[in-house]
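Since the structure comes first, as structure tokens, the remarks are kept for the end.
Each reported figure results from applying straightforward, stated rules to the coordinates on display, with no laboratory input. Since the model is a prediction, treat every value here as computed from it, not as a measurement. All Cβ positions, even for glycine, are placed from backbone atoms using ideal geometry, and neighbour counts span all protein chains on display.
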Amino acid sequence: HGAPTAPPPAEATGHVQLPPGAPVALPSPPAGASAPDAAHAAVAVLLIGPAGAGKTSVARHWADTRRVPTAHISLDDVREWVRSGFADPQSGWNDHSEAQYRLARRTCGFAARNFLANGISCILDDAVFPDRPVIGLGGWKRHVGPGLLPIVLLPGLEIVLERNARRTGNRRLSDEEVARIHGRMAGWYGSGLPIIDNSAHDVPTTARLLDDVVARSIASPPSW
């Protein structure tokens with residue numbers, strides 16, 4: 001047997017640069033630009049909203065149509081990487097589902113830093129609650145950094161109920177649960193975070209509104 005091969009250096013995997021240990025810093029607008037150019041800025045956006053708000057559709061469209069490389073990271077998708085032993089929060093929020101949520105959020109945070117370290121923007125989506133620290137903004141800030149731009153997508157309850165009714169599988173919630181979540185999401189009003197009401201907008205229009213909000217957030221990052 002030959003000598004064992006030395007492991008690759010810790011800071012590299014193939015040709016892909018791993019993210020620095022430091023959290024993602026606040027984005028800075030290009031020098032000399034009269035207004036921030038959200039279409040070209042390297043950013044990490046967190047799109048917050050209740051089930052049925054259209055987060056995933058909007059995030060995917062926004063990532064698809066940007067002029068710079070952009071990734072979409074859905075926390076629900078990452079949670080569902082766990083197959084056997086998946087702790088479905090709909091069956092009750094407990095230590096098991098909380099642990100898997102925390103693990104998924106940490107995984108998403110690592111992915112976001114990794115993409116940004118390699119020049120790829122990203123948009124994450126999650127149903128972050130304003131009144132529950134466990135699934136609040138603190139964990140996202142800890143795992144991604146202060147440069148993460150949180151934006152709330154909050155259409156009216158009737159719209160959310162209608163969109164939820166079109167869902168299938170474990171992503172579909174009862175009307176009562178949708179109404180309860182939507183009511184708690186109203187706590188984002190007055191939080192200082194930018195809020196987009198997409199009740200009357202299709203996905204492309206909402207994505208354009210998101211561009212405007214991202215530009216404003218780059219110029220004047222929300223304090224959170």
Just add up the charged neighbours of Gly190: K/R +1, D/E -1, any other residue whose Cβ is under 14 Å from the Cβ of Gly190.
0
Taking a label point 7 Å from the Cα of Ser191 along Cα-to-Cβ, the residues of segment 43-86 whose backbone nitrogen sits under 11 Å from it are 47-50
With label points set 7 Å from each Cα along the Cα-to-Cβ direction at His40 and Ser220, the distance between them in nm comes to 2.4 nm
Treating only the Cβ atoms of Lys and Arg (+1) and Asp and Glu (-1) as charged, compute the dipole magnitude of segment 88-224 about its Cα centre; round to the nearest 20 debye.
480 debye
When a/c reaches 1.5 or more, the comparison of a/b and b/c decides; with that in mind, is segment 181-224 rounded, prolate or oblate per its Cα gyration tensor?
oblate
At 7 Å along the Cα-to-beta-carbon direction for both Arg132 and Arg180, put a label point, then send me their distance in nm to one decimal.
0.9 nm
Output wanted: per-residue J couplings in Hz (rounded whole) for segment 118-129, from phi through Karplus 6.51 cos²θ - 1.76 cosθ + 1.60, θ = phi - 60°, x for Gly and Pro.
10, x, 10, 5, 8, 10, 9, 10, 7, 8, 7, 9
Calculated FRET value between Gln90 and Arg60, using beta carbons and R₀ = 22 Å, to 0.05
0.45
Starting from the Cα of Asp211, step 7 Å toward the Cβ, then list every residue of segment 38-74 with an amide N under 12 Å from that point.
38-41, 62-68
